[in-house]
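Each value in this text was obtained by applying a stated rule to the coordinates, not by laboratory testing. Everything numeric in this text was worked out from a predicted model, so none of it was measured. Heads up, the Cβs are rebuilt from the backbone with ideal geometry, glycines too, and the neighbour counts pull from every protein chain shown.
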Amino acid sequence: MTLVSVRLAVFVLALSVVATAAPHVRAEAADTPRSVGPEMNATLDQLRELLIGGELETALAKAHAASNKPDLTIYESYVIRTLIASILVNLQNYGAAASALDSALSTGQVPEKEVPNQIKAIAALHYNAGEYHKSIEAGERFFDAVGAEKDVQSLVMIAQARYMLKDYGAAVERIQTAINEADSSGEDIDKRWILLWIASEYKTGTSKGAAQAFKEFSKRFPDANYQLEWRLSPLLRDQPPVELEL
């Protein structure tokens with residue numbers, strides 16, 4: 001999941017939550033659990049106006065104040081925490097946004113079918129905050145939620161996080177799994193995945209594995225400029241390309 005798609009997903013989630021919550025007034029319908037009371041309804045109206053006006057910091061402060069009120073229902077807590085996550089994403093405070101989204105998830109109010117995607121977004125936000133341990137943890141939670149390790153984006157993200165943590169053996173395992181899953185599902189293979197495979201094998205001191213990965217790069221991308229592609233990789237550009245021969 002790219003950062004752009006994560007930002008969009010969290011923003012759309014917040015919009016949908018606010019849109020469905022605001023019209024219902026709990027005081028008139030105590031048997032409607034997925035609704036908000038008059039006070040929260042008024043707060044959401046004020047927050048919408050602030051967001052439309054681009055006053056993100058003011059909106060965040062007001063949302064935090066609303067979230068700390070002692071008499072919130074569980075659903076109201078879910079709504080306001082989701083909105084806080086969206087504001088934080090737009091402020092590019094990705095670590096705090098991940099925590100807010102996880103807090104919203106912990107209320108138990110996220111629709112069951114949306115839980116995996118929300119965990120996936122949490123993992124991506126932690127990754128973009130440089131919180132690699134938390135990103136891996138959330139990524140593994142995502143796999144537990146879907147019951148399989150087949151999501152290529154998540155496999156690649158975990159491999160990258162493992163690499164950043166210098167856990168090169170685990171990075172090799174995850175990136176190979178990602179490539180195999182992409183092949184099985186007919187997805188395109190990104191050159192940067194195989195470059196990560198090469199770099200991870202090399203870092204483990206396994207020259208045979210690095211040579212195998214390099215051979216795979218040359219077979220899949222015979223017209224690619226290996227040196228140039230390495231320098232274009234955000235993950236690898238700060239280190240010299242691994243020199244290998246077929």
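Got a sec to turn the phi values of the range 155-168 into Karplus ³J(HN,Hα) couplings, 6.51 cos²θ - 1.76 cosθ + 1.60 with θ = phi - 60°, whole Hz, x for Gly and Pro?
4, 5, 4, 5, 4, 5, 5, 4, 4, 5, 8, 6, 9, 5
Just one of (i) 40, 23, 14; (ii) 45, 26, 14; (iii) 43, 17, 14 is semi-axes √(5λ) of the Cα gyration tensor in Å calculated from these coordinates, so which is it?
Answer by label: (iii).
What stretch of the chain, leaving out the sites themselves, is the longest with no GluC sites (Glu not before Pro) in a DSSP loop having at most 11 other Cβ atoms within 10 Å?
The answer is 1-242.
In percent, how large is the relative contact order of the range 132-245, given Cα pairs closer than 8 Å and 6 or more residues apart?
19 percent
Return the single residue from I84, I179, I52 with maximal mean-square fluctuation; model: Gaussian network over the chain, springs between Cα atoms under 10 Å.
Taking springs between Cα atoms under 10 Å, the residue moving most is I52.
Can you pull the one-decimal nm distance between simple spin-label points at K113 and V146, each 7 Å off the Cα toward Cβ?
1.6 nm
With charges set only on the Cβ (+1 for Lys and Arg, -1 for Asp and Glu), what does the dipole of the range 97-246 come to about its Cα centre, in debye to the nearest 20?
Rounded to the nearest 20 debye, it is 320 debye.
Using a Gaussian network model on the chain with a 10 Å cutoff between Cα atoms, which of A161, A100, A42 fluctuates the most?
Maximum fluctuation in the GNM of the chain, among the listed residues, is at A42.
Pull up all non-local amide H partners of V36: gap of 5 or more, or a different chain, and H-to-H distance under 5 Å with H placed in the peptide plane.
Here H24, R26 satisfy the definition.
Calculate the FRET efficiency for K208 and L56 from the Cβ-Cβ distance with a Förster distance of 41 Å, rounded to the nearest 0.05.
The pair K208/L56 has a calculated efficiency of 0.20.
For the range 110-183, state which trypsin sites (Lys or Arg not before Pro) are in a DSSP loop and have at most 13 other beta carbons lying within 10 Å of their beta carbon.
When the trypsin sites (Lys or Arg not before Pro) of the range 110-183 are filtered for loop state and at most 13 Cβ neighbours within 10 Å, K166 remain.
Okay, helix-only estimate at 222 nm for the chain: each DSSP H run of n ≥ 4 adds -39500 (n - 2.57), divide by all residues, round to 500 deg cm²/dmol; what do you get?
For the chain, the value works out to -22000 deg cm²/dmol.
Could you derive backbone 3J(HN,Hα) for the range 200-217 from the dihedral phi with the Karplus parameters 6.51, -1.76 and 1.60 (θ = phi - 60°), listing whole Hz in sequence and x where the residue is Gly or Pro?
Each residue's phi maps through the Karplus curve to give 5, 4, 4, 5, 7, x, 9, 5, 5, x, 5, 5, 4, 5, 5, 4, 5, 4 Hz.
So how tilted is helix 94-105 from the main axis of the chain? Cα-based, degrees 0 to 90, rounded to 10.
60 degrees
Run the numbers on the chain and let me know its relative contact order in percent, using alpha-carbon pairs under 8 Å that are six or more apart.
12 percent
Where the convex hull is taken over the Cα atoms of the range 168-246, what is its projected area averaged over directions, in nm²?
Orientation-averaged projected area of the Cα hull: 4.9 nm².
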